[in-house]
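Participant: Before we start, here is the structure in question, set down as structure tokens.
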Amino acid sequence: MTSQKYKYLAAFLIALCLAVVPSWIAWGGWLPQNRTADNTAILAQTAANSPRFGLPIDCSLGEECFVMLYPDRDPGPEAVDFGCGRQTYDTHKGTDFAIRSDRHMATGVKVQASASGRVLRIRDGVADRRVRDEADIKAVNGIECGNAVVIDHGDGWESQYCHLRNGSVTVKPGDEVQKGTVLGMVGASGLASFPHVHLSIRYQGEVVDPFVGPNAGPGCNVPRNSIWEKPLDYLPTGLIRAGFAPELPNMERLWQGSFSEKTLSKDVPLTIFWVQAYGTLQGDKVHFKLTAPNGEVMAENEQILEKPNRTWMGYVGKRNTQERPIIPGKWQGEYQLMRGDRVLIEVDRSVEVR
Ligand SMILES: [Zn+2]
């Protein structure tokens, strides 16, 4: 069901926005400030006094957008998110708020300031080109953050927004911004393999995981003093998109936004019901079912996932043959992803075949 190619593409996400912050530092001339030997005590007081950060993206979280990757909390070469899951990768220094496709990106999804402050620096002019292979990664060497904005919130707090859409940055250094001020649009510039805004928060130059606050220490079994304005759920597994296709889908086409048609021609060679999800784990059970307008089950498949994937796609389908043509009417696709006895994703979609 998932070919090697898809597995490769999914694994490729690991490389996503690697080394964003080091390159940014080089570019922005950032230097640590006000470091003291008593840093721990300062940090301990800091969670309560920190700014409260709102969403960096203007969308309905869980519907039009979702948190795809979290900051890496493992100090070594492993990677763990604050929920002790694996929706992160080694050295990931921010939270990735993703949208579902390039098509959605093209409509213009606003990136907004998470808290009030003053713009320190910006970058614009980097093309929106999702990285797909080693050559793409090399091409963004030194500009991994893509089009970006850094905001100084005072008292040592900064926020940084990466991968904005080319030509969309609407602020300049020195501008005062309020929480919610539009900074630009969500894009895929720099080292991004899906359209999203990467938000890094720093206190005294140190990366802060906003889900646990500045005084948490490494690892995932730590007290959670979130500095989000409103608590954000930990949802490390979820649906990206689902739909029907007249040909075999692949991850690239899905990120582009293809295969969202509400109707299909009865002359297509294939009728495919596909699902794209994030945060699947080894041992998850997925169940697909494709039902014809006459109620006949044309394809059904259940499988146990053999390995985890930060992004995953799967599908079932029926070939259009002379003996068994694709009959007109409403075709239905059903899908469940189960972990143990919990249903984590449930999809029910239909398409009209004419
Ligand atoms: Zn990121």
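Participant: Take the alpha-carbon positions of the chain, form their convex hull, and give its projected area averaged over all directions (one quarter of the hull surface) in nm².
Facilitator: Spelled out: convex hull of the Cα atoms, projected over all directions, averaged, 18.4 nm².
Participant: Could you pull out every one of the aspartates and glutamates with an alpha carbon less than 13 Å from that of Lys289, ignoring same-chain neighbours closer than 8 positions?
Facilitator: Straight-distance partners of Lys289: Glu300, Glu302, Glu334, Glu346, Asp348.
Participant: Aspartates and glutamates near Lys262 by alpha-carbon distance under 12 Å, same-chain residues fewer than 8 away left out - which ones?
Facilitator: Glu352
Participant: To the nearest 0.05, what FRET efficiency results for Gln282 and Glu323 with a Förster distance of 45 Å applied to their C-beta separation?
Facilitator: So the FRET efficiency works out to roughly 0.70.
Participant: To the nearest 20 debye, what is the magnitude of the charge dipole of the chain about its Cα centre, counting +1 on the Cβ of each Lys and Arg and -1 on the Cβ of each Asp and Glu?
Facilitator: It comes to approximately 520 debye.
Participant: Any of Lys179/Lys230; Lys172/Lys230; Lys93/Lys230; Lys110/Lys172; Lys266/Lys307 with alpha carbons more than 25 Å apart? Name them for me.
Facilitator: Checking Cα-Cα distances, Lys172/Lys230; Lys266/Lys307 exceed 25 Å.
Participant: Subtract the Cα-Cα distance of Gln178 and Tyr234 from 0.36 nm times their separation in residues, and report this length gain in nm to one decimal.
Facilitator: 17.5 nm
Participant: Separate question: Quickly work out the Asp133-to-Ser116 label distance, labels modelled 7 Å from Cα along the C-beta direction, and quote it in nm with one decimal.
Facilitator: It works out to 5.0 nm between the two label points.
Participant: Using Cβ contacts closer than 10 Å as the measure, can you line up Asp96, Asp348 from fewest to most?
Facilitator: Starting with the residue having the fewest Cβ neighbours, the order is Asp348, Asp96.
Participant: Does anything in segment 160-202 have its amide N under 16 Å from the 7 Å Cα→Cβ label point of Gln256, and if so which residues?
Facilitator: Those under the cut-off are 194-195.
Each reported figure results from applying straightforward, stated rules to the coordinates on display, with no laboratory input. Fair warning: this is a prediction, and the values are worked out from it, not measured in the lab. Glycine gets a Cβ as well: all are built from the backbone with ideal geometry, and neighbour counts include every protein chain shown.
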